[in-house]
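The values are calculated or read from the model by the stated rules, or taken from the named source; none is laboratory data. Computed from a predicted structure; not experimentally measured. Cβ atoms come from the backbone with ideal geometry, glycine included; neighbour counts cover every protein chain shown. These area figures cover heavy atoms from the full protein model, side chains too; ligands, DNA and RNA do not enter into them. Shrake-Rupley method; radii C 1.70, N 1.55, O 1.52, S 1.80 Å.
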Amino acid sequence: MIRPEIRERLWHWREVILSVALVIFGLRIAAIGGWLFPPIGLIVSALSLGWSVVALRRLRFIRPVGAPGIVETDEGQIGYFGPSFGGFVALNDVIELRLVDYHGKRQWRLRTDDGQVLSIPVDATGAERLFDAFAVLPGVDMATITAAIDGDGTSRPLWQRPKPGQMPILLDHDLS
């Protein structure tokens, strides 16, 4: 009954649609009145609104597949299997995250503490999984990372691991 392109578009936006529906549901519960329902409804709406923000940021990571290779995330590791390069890095070993342009193709560049570098094309199959993987890095600002995807593509650190006993480094970038 629904045209395939509309169904595909709705499926693409499913998490955002569901979170907004839950915000509306929470507001409807809050509108019932009394002593019990308004606080419950407002809590549901607030949590759902936070989920909506995360869903919108995660949505920016989803790109049409345009690069060969597959991204895999598993048990604190990120892996990329490409036709000519690839490998695995543990998230605990990553000390720097960059978004670089390499021959006109945008790639995530992860550098480890022992100097290894893993480059992952932004538009590789499964690259949308990187949003959740990057979110667990200590002190990461996901707003900066998601803004960099739509930015100018200049290479600069988006995140650096803080040294032991040091406060997280908040990198101030003008990504607008």
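Values for this structure:
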quantity	calculated
Checklist (1) open to solvent by less than 20 Å² (accessible area, probe 1.4 Å); (2) within 21 Å of residue 128 (Cα to Cα) applied to residue 45, failing item	(2)
Residue in the stretch 59-72 that is assigned to a helix (DSSP H, G or I) and closer than 30 Å to residue 141 by Cα present	yes
Some residue of the stretch 80-97 being touching a helix residue (DSSP H, G or I) at 6+ places or on another chain (Cβ under 8 Å) and open to solvent by 60 Å² or more (accessible area, probe 1.4 Å)	no
Count - residues of the stretch 24-42 that are open to solvent by 40 Å² or more (accessible area, probe 1.4 Å) and either in a loop (DSSP other than H, G, I, E, B) or not aliphatic (A, V, I, L, M) (or both)	9
Residue within the stretch 125-146 that is within 14 Å of the chain's Cα centre (by Cα), at pLDDT below 90, part of a strand (DSSP E or B) and surrounded by 13 or more Cβ atoms within 10 Å (Cβ to Cβ) present	no
Among the candidates 58, 111, residue that is closer than 25 Å to residue 160 by Cα, surrounded by 13 or more Cβ atoms within 10 Å (Cβ to Cβ) and within 16 Å of the chain's Cα centre (by Cα)	58
Test for residue 111: is it among the charged types (D, E, K, R) and in contact with a helix residue (DSSP H, G or I) (Cβ under 8 Å, 6 or more places away or on another chain)	no
Flag for residue 165 being surrounded by 17 or more Cβ atoms within 10 Å (Cβ to Cβ) and at pLDDT below 80	no
